[in-house]
Structures are given as C-alpha cells and as structure tokens.
Amino acid sequence: AVPSLSNPTFMQAHQLATRMGLLPHKRMIVRTIDTGGAGPITSLGTARNMILSGWTDTVAVVASDAVLSMDREAFRARADESVRGSGLPSPAIPHGYDRVAQWHMRRHGVTREQLAMVPAIFSHFAARHPDAMCRRPFGVDEVLASPRVAPVTNVLECARRADGAAALVVASSSHFRRHFGKPLELCPAIVSTGEASGPLYPPAEIDEDLFSCERAARIAFETAQLSVRDIDFFALYDCFPICFLRALEAVGCCPVGDAGEFVERAWRKLSAHGALAPAEFPFNLHGGLACFGAPWEVPAMYGVLEAVAQLTGRAGPDRQIAPKPRRALVYGNGGIFSASAVAVLGDGVY
Ligand code: MLC
C-alpha cells in the first residue's frame with residue numbers, strides 16, 4: 001500500500017492488513033511503499049520482484065486517499081508540510097513545479113500557451129470517461145483565465161484534489177493459469193520496470209540533473225529489450241503540465257526541448273477537427289491528474305488501470321485505441337521530480 005495524506009498512519013499497509021483481518025499471518029508480507037506519486041509504479045516493480053524471486057505467487061497493490069473530503073486549509077497545510085524545508089511559498093507543491101516550468105520556458109522556449117494546452121487536451125479525453133471529475137472540455141483561453149496559483153500555473157493546470165482508491169492484483173503466470181483458467185493474453189504482463197531518484201527539493205539552480213525519468217525509462221526499456229517505438233499507449237504523470245512535457249521527452253516521444261511543440265501539434269489538430277481519435281494522441285486517455293482527479297498518491301494507479309483497459313480492449317468505444325495496443329508505458333512521479341518509476345506492460349520478454 002502507499003501512504004495516505006488524509007488519514008496518515010504509521011505503516012499504512014500493516015494498518016490496512018490488520019483491519020482487513022489478514023494479519024497476523026505467517027506467510028503474509030506487508031509493505032508500505034513511499035515514493036510519493038511514483039508509489040503505485042514502484043509497487044508494481046516490487047510486486048514483480050517478489051514474484052520473480054519466489055517469495056510469493058500473488059501481490060495486492062492498494063492505493064487510496066480522500067483529500068477532497070479534507071478541509072481545504074487542512075489540505076494546504078499538510079501538502080505544504082510534505083515539502084517542509086523546501087523554502088517554497090504556499091501552496092508549495094504548485095510553486096515547486098512552477099519554478100521548473102519557468103526554467104523550461106527559459107531554456108527550451110516552451111510557451112505559456114503550450115503549458116495550458118496539456119489540461120485542455122486532457123479535458124477532452126476526461127469528458128469521455130464516466131468516472132472523470134472534469135465533465136466538460138475546455139480550451140486554452142479558459143485555462144489561462146482560471147485563477148492564478150503561481151507565476152505560470154493556473155488552477156486548471158493543477159492536480160485536482162479528489163477522493164479515490166484503486167487496487168490491482170499481480171500474480172505469477174503459473175498462478176494465473178492455475179486459478180483463473182484464462183489465456184494469459186487476457187491479462188497484461190509487467191514486462192519490465194525501472195526506477196531512479198532525484199533530489200528531495202528542486203535545487204536553487206535547476207539543471208538537467210534534476211530529472212530522473214530518463215534513467216527510469218532507460219532501465220525499463222533495456223530490461224525489456226524494447227524502445228519507445230514498441231509502445232502504443234502511454235500513461236504519463238501530469239500533476240502539472242511541466243511534468244507531462246518533461247515525461248514526453250524523457251521516454252523518447254520527442255527530443256528534449258520539443259515537447260511544447262509536440263503538444264501544440266496535437267492541440268491544433270484537435271481544434272481543427274473538434275476531437276482527437278484515441279490513436280492520434282495515445283496519452284492519458286482517462287484524463288490524467290488535472291482532469292480525471294488526483295487523490296494524492298493514487299493517480300499513477302489510474303494510469304495503470306487505463307493501460308490495462310487499453311491492452312485488454314476494454315476501454316469502451318469512446319476511448320479504446322484501435323487496433324488494440326500491444327504495449328503500454330506507465331510513469332509515476334513522486335515529490336517535485338524526486339522519484340521516477342516506469343513500467344512497461346503488455347507483451348514482451350518476461
Ligand atoms: C482545483 N479546482 C479545479 C482544479 N483544481 N477545477 C478544475 N480542474 C482542476 N484541476 C477547483 C476546485 O474544485 C475548487 O472549486 C477550486 O478550484 C479551489 O480549489 P481547492 O483545492 O478547493 O482550494 P484552494 O485552496 O483554492 O487550492 C487550489 C490549489 C489546490 C490549486 C492550490 O487545489 C492544490 O494545491 N492543488 C494541487 C494538489 C497537489 O499538489 N497535489 C500533488 C501533486 S504532486 P470549487 O468550485 O469547489 O471552489 C504529485 C507528486 C507527489 O502528485 O508525489 O505527490
């Protein structure tokens with residue numbers, strides 16, 4: 001399990017397992033994974049490693065939080081506290097990402113409008129998902145007119161406070177065959193995972209060394225003997241637009257510095273046709289953190305669930321990529337670019 005902000009407890013997974021009557025149990029291993037928003041993807045890697053090393057046949061990964069139910073002042077205080085010592089003004093997390101966005105604008109020429117295009121595109125996707133919080137597509141003008149949170153960050157660009165939970169069972173292939181009696185194709189494999197760490201807070205002078213997603217993606221690709229060309233769907237963490245832009249570059253969808261233009265091309269196409277087919281922009285088709293919703297450390301799990309829906313052809317007529325994707329890449333980011341975890345799901349060498 002990953003930690004909760006709304007109901008913080010020591011050793012969250014032990015609390016959960018005890019309350020569910022699963023502990024004490026001699027063969028049960030319980031672990032709380034704390035890599036911030038990367039937690040669900042780190043957990044997939046941990047589950048895979050536990051199974052590959054023969055410790056167990058099945059692992060449940062559980063993420064839940066209720067930060068929308070929190071009083072907004074209490075949320076702000078606790079969120080600020082999570083980056084205590086960073087010296088960032090309140091709200092500290094949006095300001096931290098904002099600093100990185102400003103750096104990217106200066107260094108790579110990303111425009112304010114290109115940042116705003118990220119949630120604008122995802123609002124169109126979210127409107128097709130029955131569980132997404134954003135029910136109505138919006139445009140760049142609306143993003144830029146929404147209340148300012150930090151110098152180049154407005155409300156519609158922020159991870160949206162939400163209550164929510166998601167769980168996933170990871171099983172060995174032999175256990176799956178024995179107990180579920182279904183062909184393996186109905187359940188995507190965790191082909192590989194990669195992880196890397198950045199600093200706890202953005203340093204006073206930001207440079208390329210801040211980012212760790214590149215390293216995490218490289219490990220995942222090398223382990224899988226695959227490249228970005230083998231991926232048909234991407235769930236890339238987008239707590240703020242800069243996180244998504246940087247992820248596009250990190251996983252190799254475009255060269256470093258070109259993500260703003262990459263997004264702008266998609267936005268122009270969407271604006272010209274009124275919509276994008278899922279295969280035309282196969283990213284965060286559930287709507288991502290700003291538009292689907294972001295219960296603190298849960299959202300990367302929503303990316304995994306969308307990837308599973310896509311890979312198994314169960315995303316429904318509005319969102320399903322056709323033909324059905326073979327492989328997906330999911331990326332979770334923790335802290336302010338402090339932790340990166342990447343997993344490749346689907347067909348592959350595993
Ligand atoms: C907020 N609102 C949105 C929205 N975000 N509406 C549409 N889309 C969005 N993305 C709306 C709320 O629903 C509310 O509407 C109003 O804006 C005010 O938001 P609030 O949260 O109720 O109160 P406020 O104190 O004004 O704070 C606004 C905020 C805050 C943007 C500063 O929501 C915030 O800090 N968001 C970011 C959360 C965050 O940092 N998550 C972690 C990301 S980092 P109404 O109608 O009710 O008034 C990460 C990595 C990691 O994921 O490791 O954690």
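The values are calculated or read from the model by the stated rules, or taken from the named source; none is laboratory data. Since the model is a prediction, treat every value here as computed from it, not as a measurement. Please note: Cβ atoms are built from the backbone with ideal geometry, for glycine as well, and neighbour counts cover all protein chains shown. Accessible surface areas use protein heavy atoms only, side chains included; no ligands, DNA or RNA. Shrake-Rupley method; radii C 1.70, N 1.55, O 1.52, S 1.80 Å.
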Gaussian network model of the chain, Cα within-10 Å springs - most flexible of Ser53, Ser212, Ser43: Ser53
Cα-based convex hull volume of segment 157-306 per residue, rounded to whole Å³: 152
Solvent exposure, largest accessible area first (probe 1.4 Å, DNA, RNA and ligands not counted), of Arg106, Arg326: Arg106, Arg326
Largest-first ordering by accessible area, 1.4 Å probe, given options Tyr201, Tyr331: Tyr201, Tyr331
Under 12 Å, Cβ to Cβ, from Cys243 - net charge with Lys/Arg +1 and Asp/Glu -1: -3
Estimated FRET transfer efficiency (Val228, Arg112; beta-carbon r; R0 25 Å; 0.05): 0.35
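Less than 13 Å Cβ to Cβ from Glu157, Lys/Arg counted +1 and Asp/Glu -1: what total charge do the surrounding residues give?
Residues close to Glu157 contribute a combined charge of -1.
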Net dipole in debye of the chain [+1 Lys, Arg Cβ; -1 Asp, Glu Cβ; about Cα centre; nearest 20]: 900
Rg to Rh quotient for the chain, alpha carbon positions, Kirkwood Rh: 0.95
Derived scalar couplings ³J(HN,Hα) [segment 265-275; Karplus, 6.51 cos²θ - 1.76 cosθ + 1.60; whole Hz; x for Gly, Pro]: 4, 5, 5, 4, 5, 4, 5, 5, 9, x, 6
Cβ-based net charge around Arg314, under 11 Å, with every Lys or Arg adding one and every Asp or Glu removing one: +1
GNM result for the chain, Cα springs below 10 Å: residue of Thr35, Thr153, Thr18 fluctuating most strongly: Thr18
Convex hull (Cα only) mean projected area of segment 74-146, reported in nm² to one decimal: 6.4
